[in-house]
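Enquirer: Take this structure first; my questions come after.
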Amino acid sequence: MPSESDTASPPGTGPGGGVSVSSRVRPVARGRIVAIANQKGGVGKTTTCVNLAAALADVGRKVLLVDMDPQGNATTGSGVDKNDVDLTIGDVLLGEAKAADAVITVETAGYDLLPANQDLIAAEVALMEGGHKEQRLSHALRPIRQNYHHVFIDCPPALNMLTVNALAAAQGVLIPMQCEYYALEGLSTLLDTIERIRRRANPGLHVEGLLRTMYDVRNNLATEVSSQLMTHFGDKVYRTVVPRNIRLAEAPSHGLPVTRYDRGSRGAVAYLGLAGEIIRREREAHQGVSVRQRSR
Ligand SMILES: Nc1ncnc2c1ncn2[C@@H]1O[C@H](COP(=O)(O)OP(=O)(O)O)[C@@H](O)[C@H]1O
Ligand SMILES: [Mg+2]
């Protein structure tokens with residue numbers, strides 16, 4: 001049975017969190033779009049999307065989660081039946097529906113969702129044939145993004161036209177990664193793609209942060225790759241580490257974020273911690289001492 005015990009303090013209210021309660025009522029950014037991307041599958045993109053969205057919603061942020069993966073895992077993991085939705089992000093990308101009309105409010109998780117299912121495969125093919133193909137998502141989100149503090153895009157495990165659309169729409173990219181042997185190699189391919197999109201279509205795009213997922217401190221290789229990441233990317237690496245935690249893997253089958261499934265679990269604590277870290281970074285950036293500037 002999932003325990004409802006609450007050993008995790010929500011960011012913004014917890015002891016030692018370093019974020020005052022005012023962050024609850026006065027978020028500094030609006031309509032900020034962050035793509036959660038890594039062309040490798042199974043690294044924790046969807047898990048991060050769903051649980052980070054829920055953790056930020058928990059502290060009063062308005063959050064939109066955009067599912068850009070035809071597998072629809074973020075949709076299912078939010079407790080929405082992907083085969084029983086009227087409108088999806090596929091319809092939006094094809095220009096057959098407005099984003100506002102496709103948005104679903106997910107009461108159990110506290111955020112809004114633009115759902116996806118396998119129809120997105122056909123939409124991707126059509127995108128490759130149409131005009132302004134890279135900017136479709138960006139244009140579609142324009143009328144609604146200001147309604148949210150955070151917009152997260154769950155990308156598919158490929159550097160395809162759907163991911164390119166996400167990167168063209170976003171200001172930041174959050175890269176979840178497992179600290180394993182090939183991780184750094186995959187990362188450089190992704191960074192090249194980000195750089196290409198930045199030059200060609202979206203000059204404001206930058207790497208928001210690297211998130212270590214499914215982390216096991218007893219694994220020597222993980223520790224080694226992690227320290228290499230810190231050496232190369234410094235402050236870009238989130239201090240929060242997401243451990244391997246069975247509750248994170250179980251929660252989607254209940255259609256719940258981990259914070260609602262088992263709030264005291266290590267997985268829930270990690271994603272609440274990540275939300276707190278993001279809020280802290282946001283405030284630092286607002287005060288003109290952003291992590292980015294310091295690392296220059
Ligand atoms: N920290 C974690 N601990 C344990 N299982 C996890 C963790 N993060 C993700 N998982 C599980 O690993 C699988 C892949 O994660 P997922 O978020 O779907 O990856 P991606 O979206 O990158 O393909 C899923 O079954 C998910 O439930
Ligand atoms: Mg996924």
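Each reported figure results from applying straightforward, stated rules to the coordinates on display, with no laboratory input. Just so we're clear, the structure is a prediction, and the values are computed from it rather than from any experiment. FYI the Cβ positions are ideal-geometry reconstructions off the backbone, even for glycines, and counts take in every protein chain you see.
Enquirer: Classify the stretch 208-252: rounded, prolate or oblate, from the alpha-carbon gyration tensor (a ≥ b ≥ c, eigenvalue square roots; a/c under 1.5 rounded; otherwise prolate if a/b is larger than b/c)?
Expert: Oblate.
Enquirer: For a protection proxy built on the mean count of beta-carbon atoms within 10 angstrom, sort 106-114, 51-59 highest first, please.
Expert: Packing proxy ranking, top to bottom: 51-59, 106-114.
Enquirer: Next question, about the same structure. Taking the beta-carbon count within 10 Å as an exposure proxy, list M128, M68 from fewest neighbours to most.
Expert: By the 10 Å Cβ count, ascending, the order reads M128, M68.
Enquirer: Computed FRET efficiency, Cβ-Cβ of E284 and N147, R0 25 Å: what is it to the nearest 0.05?
Expert: Efficiency computed from Cβ-Cβ geometry: 0.50.
Enquirer: Oh, and also: In debye, nearest 20, what is the charge dipole magnitude of the chain about its Cα centre with +1 on Lys and Arg Cβ and -1 on Asp and Glu Cβ, if you could check?
Expert: Roughly 1340 debye for the chain.
Enquirer: Which whole-Hz ³J(HN,Hα) couplings does the stretch 179-190 yield from phi under the Karplus relation 6.51 cos²θ - 1.76 cosθ + 1.60, θ = phi - 60°, glycine and proline marked x?
Expert: Each residue's phi maps through the Karplus curve to give 7, 10, 3, 8, 4, 5, 4, x, 4, 5, 5, 5 Hz.
Enquirer: Can you sort T76, T88 so the residue with the fewest Cβ neighbours within 10 Å comes first?
Expert: The order, fewest Cβ neighbours first, is T76, T88.
Enquirer: Tell me, what ³J(HN,Hα) does each residue in the stretch 235-249 have, in order and in whole Hz, if you take phi through Karplus 6.51 cos²θ - 1.76 cosθ + 1.60 with θ = phi - 60° and put x for Gly and Pro?
Expert: 5, 5, 7, 4, 5, 5, 10, 8, x, 5, 8, 4, 4, 5, 7
Enquirer: Cross-link candidates for K133: which lysines have Cα within less than 22 Å, leaving aside residues fewer than 8 places away along the same chain?
Expert: Result set, ordered by chain and number: K98.
Enquirer: Provide Rg and Dmax in Å for the chain, with only Cα atoms included in the calculation.
Expert: Rg and Dmax of the chain, Cα atoms, are 17.9, 53 Å.
Enquirer: Next question, about the same structure. Using only the Cα atoms of the stretch 161-252, build the gyration tensor, take square roots of its eigenvalues as a ≥ b ≥ c, and label the shape rounded, prolate or oblate: rounded if a/c is under 1.5, else prolate if a/b is larger than b/c, else oblate.
Expert: Because a/c hits 1.5 or more and a/b exceeds b/c, the stretch 161-252 counts as prolate.
Enquirer: Moving on to the next point. Whole-Hz ³J(HN,Hα) for each residue in the stretch 155-166, computed from phi via Karplus 6.51 cos²θ - 1.76 cosθ + 1.60 with θ = phi - 60°, x for glycine and proline: what do you get?
Expert: 8, x, x, 6, 8, 9, 5, 5, 5, 4, 4, 5
Enquirer: Another one. Based on the alpha-carbon gyration tensor of the stretch 108-153 and its eigenvalue square roots a ≥ b ≥ c, which shape applies: rounded if a/c is under 1.5, prolate if not and a/b is larger than b/c, or oblate?
Expert: Oblate is the answer for the stretch 108-153, as a/c is 1.5 or above yet b/c matches or exceeds a/b.
Enquirer: Report, ordered by chain and residue number, the lysines lying within cross-link reach of K236, taken as a straight Cα distance under 18 Å and ignoring same-chain residues fewer than 8 apart.
Expert: K45
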